[in-house]
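Reviewing the structure listed below.
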Amino acid sequence: MIKIANFYCNQQKVFEYFLTYESRWHGFWNYLDKLKRQEIEETLKNSQQFSNESFNKKYLSQIKDEFNKQWGYKSDLTVKTSDNRQKLSLLIMREASAINYDEALINAFTRQFFYLVGDYVSSKARDIKTNGTNFETEVNDLLNQDIAFATENTTYQTYLIKDEKLQEKYNAKLKEIKIIKSSILYKPTFILKDGFSYNYKILDFSAEDLSGDFLEKQVDKYKRPDGQYVYKTVFMSREELCRILHKEYVVIQMDIQYKIDTYPGAIIQFDNK
């Protein structure tokens with residue numbers, strides 16, 4: 001408050017009484033603290049309107065819709081118990097006060113899954129090193145194969161080819177094949193005929209209360225070097241903060257199994273590293 005008074009007032013005497021009173025009794029500070037606590041409790045009250053079961057009913061079908069719209073999805077591809085399996089999770093506030101809350105929640109899971117599949121595909125793909133000594137030779141060999149698809153970002157790789165004739169051949173090939181938009185294949189990618197498809201099976205999608213070690217770790221994030229806990233500018237005990245975070249946040253978990261259908265040499269990616 002002293003800094004505020006000094007900043008806004010040329011004559012500090014106007015604030016002398018206020019500053020003296022505030023430094024002793026902290027009336028204004030206590031008033032603001034009370035308002036922030038009321039705001040936190042109101043948020044907790046609103047949060048209780050969203051049960052754990054409501055997340056499953058509201059968001060699972062929307063997330064699956066996003067998975068199904070992605071290029072390469074093949075619904076009749078069999079997912080076996082021996083296929084890749086991963087647990088995805090998201091820590092999020094229960095209260096859906098933000099305008100883009102639904103979009104953010106759905107995007108969080110789609111990004112996690114797409115990156116997961118994309119990393120797996122990249123581990124199986126054949127890389128063409130753009131800074132390698134045999135780059136143009138490998139590009140020429142690539143263009144002689146039965147390419148069926150290429151991702152949008154392959155069009156930006158033309159400038160890497162110095163040989164004019166090879167550059168013309170590269171651009172001509174891109175005009176012949178289908179250019180696809182993919183959030184999974186994030187590298188510049190070429191796919192041979194029947195070279196890539198995927199399917200998935202969601203084994204579990206559920207919301208759980210924030211508790212146990214996970215809760216303790218979240219609480220520790222609000223601990224100051226002096227040992228005090230501050231949440232939304234409010235000083236509070238560790239026990240009170242545990243109570244608030246337990247009610248205000250929820251952990252949504254997805255247990256998903258997925259199948260990638262490809263064959264050796266079917267996926268070729270430019271590696272710019």
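Structure values in brief
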{"quantity": "Residue in segment 156-179 that is touching a Pro at 6+ places or on another chain (Cβ under 8 Å) and either closer than 26 Å to residue 193 by Cβ or outside any strand (DSSP E or B) (or both) present", "calculated": "yes"}
{"quantity": "Every pair of residues 6+ apart whose Cβ atoms lie under 7 Å, when the first sits in segment 128-142 and is under 10 Å from residue 273 (Cα atoms) while the second is not hydrophobic (A, V, I, L, M, F, W, C)", "calculated": "129/271; 130/271; 130/272"}
{"quantity": "Those strands (runs of 3 or more DSSP E) lying entirely in segment 48-151 with at least 3 residues touching a Leu at 6+ places or on another chain (Cβ under 9 Å) and of a type in the set (A, V, I, L, M, F, W, C)", "calculated": "84-93, 147-151"}
{"quantity": "Residue check, residue 109 outside the structural domain of residue 256 (by TED's automatic domain parsing), in contact with a helix residue (DSSP H, G or I) (Cβ under 8 Å, 6 or more places away or on another chain), of a type outside the set (Val, Ile, Thr) and surrounded by 13 or more Cβ atoms within 10 Å (Cβ to Cβ)", "calculated": "no"}
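The values are calculated or read from the model by the stated rules, or taken from the named source; none is laboratory data. Worth saying up front: this structure is predicted, and the values here are computed from it rather than measured. Backbone-built Cβ (ideal geometry, glycine too); neighbour counts: all protein chains shown.
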